[in-house]
Amino acid sequence: MKDVSKSSANTALRDDRAGNREPAAKKESAVAAAPGQAAALRGMKLGELLRGVETISAPPLAGLEIRGVVCHSGSVQPGGMFFALHGAKADGNAYVAQAISRGAVVIASEHSRPADAPPQVVWLQVREPRKALAIVAANYYGHPAEALRLVGITGTNGKTTTTHLVDSILKATGAKTGLFGTIAYRTPHGEYPSPNTTPESVHLQSFLAEIRDAGGKYAVLEASSHALTMDRLWGCRFAAAVFTNLTREHMDYHKTFEDYFAAKRHLFDSRPARRREKSRSSRRWSEKLTCTTSSRQSALRWLWG
């Protein structure tokens, strides 16, 4: 794979200055990234997959072997588990029939079992499907985030530049890394298209497993406000979190500026055992972040200009 660290960082810097800020219609409505090498089908008992998941009814057939976990009906493989999620523009529950026709044996949804569901299909009603997907994905891939040091960067502008700079520093030490953001997703095995700034949780866990299995130790990622509110990073513990700045963007999604700020704050509420909070923002928002985060440690501010 070509070395993209320097050229990508330069491109990212130009994009940031030009105001390229994750158009929601392009980035957040896409459904699936190219799977990583770790996404090869494997079998796991349903009971093992559901460890830590809150279900409304006790799951039957805990010994049922599941071969694949997906949230896009077109990606279902025979013996797989399909999560019917509400997306920005579509409801996954409308694609349950397609998932079953492709071989899904388990459906996870916030809705109760419909009367026309085939009797051979296990229907799991879960309280929070996106969090449940993140937990199941981590179980399926063997909790790869626990083997890595994660660096998350959030903020309106500067995420892409900052992720590439941090990744370049880590790679300069000889470390194998992973990088996830607006330009591309990258692991030691290669580069993949990035339909979303931050991968969906099941794709992210697959990529993290790919980094781990290749002997990597670090993953640097852009944490978009959409991803944080959609629980794509649920269960991930960050060794470092960076807050760049906050300007008035994505008001069509977050409705208010306070809601937008609250979404960004989720990255700092992930409650790792130890965390350093770093900011390159205006004092008002960085100080507010420091005061409201769950672990009120001192913030190291990196100010623009």
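Laboratory data are not the source of any read-out in this text; all were calculated from the coordinates shown. Note that this is a predicted model, so its numbers are computed, not measured. Because the Cβ atoms are built from the backbone with ideal geometry, glycine has one as well, and the counts that use them run over all protein chains shown.
Descriptive notes on the structure:
- A cut-off of 5 Å between modelled amide H atoms, ignoring neighbours fewer than 5 places along the same chain, links Lys45 with Ile66.
- Summarising the label geometry, the points placed 7 Å from Cα in the beta-carbon direction at Leu61 and Arg42 lie 2.2 nm from one another.
- Residues Arg51 and Gln98, FRET efficiency given R0 of 35 Å [Cβ-Cβ distance, rounded to 0.05]: 0.80
- Between Glu191 and Ala214, the modelled labels are 1.3 nm apart [label points 7 Å from Cα along Cα→Cβ].
- Considering only Pro129, Asn139, Ala94, the residue lying farthest towards the positive end of the dipole of region 37-140 is Asn139, judged by Cα position with unit charges set on Cβ.
- Per-peptide average of other Cβ atoms within 10 Å, ordering 155-161, 87-93 highest first: 155-161, 87-93
- Region 96-146, relative contact order [Cα under 8 Å, separation at least 6], %: 30 percent
- Evaluating 6.51 cos²θ - 1.76 cosθ + 1.60 at θ = phi - 60° for every residue in region 197-207, the Karplus couplings come out as 4, 10, x, 4, 4, 5, 6, 4, 4, 5, 5 Hz, glycine and proline recorded as x.
- Between Asp259 and Glu146, the contour length at 0.36 nm per residue exceeds the alpha carbon distance by 37.7 nm.
- Taking the DSSP beta bridges with both ends in region 37-140, the antiparallel portion is around 30 percent.
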